[in-house]
Amino acid sequence: MSSMNTGGRLQKRYLYCLTSGKLANGEERIELHSGVSRYELGPPYRFAARSAEDPGVPGDLLKDLPYAETAVHFFEDYDDIITSNEEKRKRQEMLDELSAYIDRTYKEIREHGLYYWFGNDKNLLFNYKKRMYQAEQQFTTEVFFRTLINFRNQVYQTGESLLDERELLDYTLEELKNRLDMIIERSLKTPGARIPLTGEYTILLKNDPASVFVHESVGHLFEEDNFRRQTVFDGKILINPFITVTDYAHTAFGKPCLLPVYLDSEGTEAVDAVLIKDGSIQTRMNSRQFAENGNNTGNGRSSLFSRIPQIRMRNTALEVEQSLVADLSVLDNVLVVEKMNGGSSEQNGEVELFVEFGHEIKKGKTAGDIRNFVIRGNALDLLNSISAWGDDFTWHGSGCRKKGYDLLLAHGAPSIVIKGAVHGC
């Protein structure tokens with residue numbers, strides 16, 4: 001098989017977790033591993049992977065690729081990817097101060113934990129078109145806040161990510177306290193909230209839930225392996241002309257995306273994939289296996305060297321016509337979704353969005369908090385029902401599982417108004 005049909009990837013991964021709080025064990029967890037993979041694309045699709053702990057494997061697997069001494073050097077030195085102890089100390093101090101603030105301020109919280117994860121993947125990827133190796137480094141960070149709350153002699157557990165587009169040390173302590181206040185106050189309201197009645201509603205999705213909506217209603221269905229099996233979108237379908245959905249590779253709105261991908265796990269240079277624009281389908285996300293006429297978007301992604309790359313999203317964004325931005329604070333008779341804990345989509349276009357918390361507005365006033373219900377609808381119908389939006393676009397990072405494998409990705413959206421069926425009580 002020619003080298004044009006062969007890809008190679010070497011990977012170093014460094015992960016650690018800092019913790020603080022009564023739920024946290026206080027122990028740093030470190031994982032170091034490295035590996036090499038080689039995969040050949042074409043009928044039949046073949047894949048082979050071995051651990052780099054076997055010193056003979058790198059040369060055996062990559063002997064047909066022009067890696068020379070580069071691969072050997074790649075496995076030697078970890079110093080360039082491990083964060084310094086001083087940086088860890090600063091982050092630990094920040095977590096400890098936030099934990100002490102929670103203890104002082106919120107007596108209703110029985111236990112809590114703050115978990116800071118830092119990941120650094122360094123990849124050496126064979127660019128099969130340029131016939132050369134390119135090094136890539138990707139940093140991922142998250143602070144997850146988890147609580148156990150006493151409410152009416154019962155204990156409720158909640159959890160939520162504390163960060164969005166920035167790293168922990170990019171925030172001031174006051175900014176993080178304000179974010180914690182918002183999360184905790186919402187968590188304290190959740191046990192006493194009611195489940196709404198089943199029925200059709202006008203629904204305001206705040207920007208975080210709206211980004212989950214675009215991930216489910218467009219993102220998964222526009223991954224080429226899924227697109228060929230779905231039955232709702234085709235070239236003749238008219239889609240809301242006021243929206244644009246793009247899966248960005250590495251740069252959006254003039255700055256790096258939350259999870260920039262320059263070269264995918266198959267050695268393809270990543271390009272933006274404009275999925276929906278001007279009321280119609282423009283393209284789909286694909287990989288080398290599924291690309292048509294050589295138009296590969298570079299969406300072949302895997303989290304580890306030893307896993308087969310799949311067509312996965314990178315940074316999927318819903319954008320709206322800016323000239324029609326509305327003041328969403330004046331909406332009436334709506335359900336407002338503040339927090340969502342996931343969703344799903346089927347080949348027939350049916351979408352489910354799992355709402356954890358929100359509130360209802362009736363006659364211009366808040367009519368109580370709501371929780372634990374499902375929004376269901378057809379993806380096309382939901383997209384076409386978008387009738388208003390705000391000017392508050394925000395990126396959100398998350399994990400996503402496909403065919404048994406988890407992967408980090410990002411999605412972004414402004415707050416939007418849709419119509420959908422609510423299934424509650």
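The values are calculated or read from the model by the stated rules, or taken from the named source; none is laboratory data. Because the structure is predicted, anything quoted here is derived from the model rather than measured. Ideal geometry is used to build each Cβ from the backbone, glycine not excepted, and the neighbour counts take in all protein chains shown. Side chains included, ligands, DNA and RNA excluded: accessible areas come from the protein's heavy atoms. Shrake-Rupley method; radii C 1.70, N 1.55, O 1.52, S 1.80 Å.
In segment 144-154, which residues are at pLDDT below 85 and open to solvent by 70 Å² or more (accessible area, probe 1.4 Å)?
Let us first name the residues in segment 144-154 that are at pLDDT below 85, namely 148-154.
The answer is N150, R152, N153, Q154.
Hey, any hits in segment 242-265 for a residue that's buried (at least 22 other Cβ atoms within 10 Å of the Cβ), touching a Ser or Thr at 6+ places or on another chain (Cβ under 6 Å) and of a type in the set (A, V, I, L, M)?
Checking segment 242-265: not a single residue is buried (at least 22 other Cβ atoms within 10 Å of the Cβ), touching a Ser or Thr at 6+ places or on another chain (Cβ under 6 Å) and of a type in the set (A, V, I, L, M).
Restricting to segment 207-231, give me the number of residues that are buried (at least 20 other Cβ atoms within 10 Å of the Cβ) and more than 17 Å from F290 (Cβ to Cβ).
Matching residues across segment 207-231 total 12.
All but one of (1) open to solvent by less than 40 Å² (accessible area, probe 1.4 Å); (2) out of contact with any helix residue (DSSP H, G or I) (no Cβ under 6 Å at 6 or more places or on another chain) hold for T172, so report the exception by its number.
Against the list (1) open to solvent by less than 40 Å² (accessible area, probe 1.4 Å); (2) out of contact with any helix residue (DSSP H, G or I) (no Cβ under 6 Å at 6 or more places or on another chain), T172 comes up short only on (1).
For segment 393-412, indicate whether the set of residues that are over 15 Å from G199 (Cα atoms), of a type in the set (F, W, Y) and assigned to a loop (DSSP other than H, G, I, E, B) is non-empty.
Taking segment 393-412 as the starting set, the residues that turn out to be over 15 Å from G199 (Cα atoms) are 393-412.
With the extra rule that they be of a type in the set (F, W, Y), the set shrinks to 393, 395, 405.
From what is left, the residues that are assigned to a loop (DSSP other than H, G, I, E, B) are 393.
Yes, segment 393-412 has at least one match.
Looking at (1) more than 24 Å from the chain's Cα centre (by Cα); (2) crowded, with 22+ Cβ neighbours inside 10 Å; (3) small (G, A, S), which one does G298 not meet, given that it meets all the others?
Exception for G298: condition (1).
Condition first: open to solvent by less than 10 Å² (accessible area, probe 1.4 Å), over 19 Å from V337 (Cβ atoms), at pLDDT below 90 and of a type outside the set (D, E, K, R). Can you find one or more residues in segment 156-163 that meet it? Step through it out loud before you land on a result.
To start, the set of residues in segment 156-163 that are open to solvent by less than 10 Å² (accessible area, probe 1.4 Å) comprises 162.
With the extra rule that they be over 19 Å from V337 (Cβ atoms), the set shrinks to 162.
Now narrow it down to the ones that are at pLDDT below 90: 162.
Narrowing further to those that are of a type outside the set (D, E, K, R): 162.
Yes: segment 156-163 contains one or more residues that are open to solvent by less than 10 Å² (accessible area, probe 1.4 Å), over 19 Å from V337 (Cβ atoms), at pLDDT below 90 and of a type outside the set (D, E, K, R).
Can A291 be described as surrounded by fewer than 23 Cβ atoms within 10 Å (Cβ to Cβ) and in contact with a His (Cβ under 7 Å, 6 or more places away or on another chain)?
Values: surrounded by fewer than 23 Cβ atoms within 10 Å (Cβ to Cβ): yes; in contact with a His (Cβ under 7 Å, 6 or more places away or on another chain): no.
For A291, the condition - surrounded by fewer than 23 Cβ atoms within 10 Å (Cβ to Cβ) and in contact with a His (Cβ under 7 Å, 6 or more places away or on another chain) - is not met.
Residues to consider are E111, E97; find the one that is open to solvent by 30 Å² or more (accessible area, probe 1.4 Å), of a type in the set (D, E) and not in a strand (DSSP E or B). It would help to see each step written out before you state the result.
Working: E111 fails: not in a strand (DSSP E or B).
Only one candidate qualifies: E97.
Which of (1) under 24 Å from Y248 (Cα atoms); (2) at pLDDT 95 or above is the odd one out, the single condition V336 does not satisfy?
V336 satisfies every listed condition except (1).
What is the number of the single condition among (1) within 16 Å of the chain's Cα centre (by Cα); (2) under 23 Å from V325 (Cβ atoms); (3) open to solvent by 70 Å² or more (accessible area, probe 1.4 Å) that Y405 does not meet?
Just one mismatch for Y405, condition (2).
Test I370 against the stated conditions and say whether it is at pLDDT 95 or above and over 25 Å from R314 (Cα atoms). Outline the logic, then answer.
Working: at pLDDT 95 or above: yes; over 25 Å from R314 (Cα atoms): yes.
Yes, satisfied.
Could you please let me know if F139 is of a type in the set (F, W, Y), open to solvent by less than 40 Å² (accessible area, probe 1.4 Å) and within 23 Å of the chain's Cα centre (by Cα)?
no
This table checks each residue for (1) closer than 27 Å to K189 by Cβ; (2) of a type in the set (D, E, K, R).
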{"site": "E108", "(1), (2)": "yes, yes"}
{"site": "H112", "(1), (2)": "yes, no"}
{"site": "Y115", "(1), (2)": "yes, no"}
{"site": "D121", "(1), (2)": "no, yes"}
{"site": "F126", "(1), (2)": "no, no"}
{"site": "R131", "(1), (2)": "no, yes"}
{"site": "Q138", "(1), (2)": "no, no"}
{"site": "E142", "(1), (2)": "yes, yes"}
{"site": "V155", "(1), (2)": "yes, no"}
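Could you check segment 178-220 and list, in sequence order, the residues that are touching a residue at least 24 places away in the same chain (Cβ under 8 Å), aliphatic (A, V, I, L, M), part of a helix (DSSP H, G or I) and out of contact with any Gly (no Cβ under 7 Å at 6 or more places or on another chain)?
L180, I183, I184, L188, A210, V214, V218 - these are the residues of segment 178-220 that are touching a residue at least 24 places away in the same chain (Cβ under 8 Å), aliphatic (A, V, I, L, M), part of a helix (DSSP H, G or I) and out of contact with any Gly (no Cβ under 7 Å at 6 or more places or on another chain).
Go through the residues of segment 348-362 one by one and say whether even a single one is polar (S, T, N, Q) and either at pLDDT below 95 or within 21 Å of the chain's Cα centre (by Cα) (or both). Give the derivation first.
Residues of segment 348-362 polar (S, T, N, Q): 348.
With either at pLDDT below 95 or within 21 Å of the chain's Cα centre (by Cα) (or both) added as a condition, the list becomes none.
No, every residue in segment 348-362 fails to be polar (S, T, N, Q) and either at pLDDT below 95 or within 21 Å of the chain's Cα centre (by Cα) (or both).
Here is a list: D121, D103, D170. Which entry is at pLDDT 90 or above, more than 24 Å from G358 (Cα to Cα) and touching a strand residue (DSSP E or B) at 6+ places or on another chain (Cβ under 9 Å)?
D103
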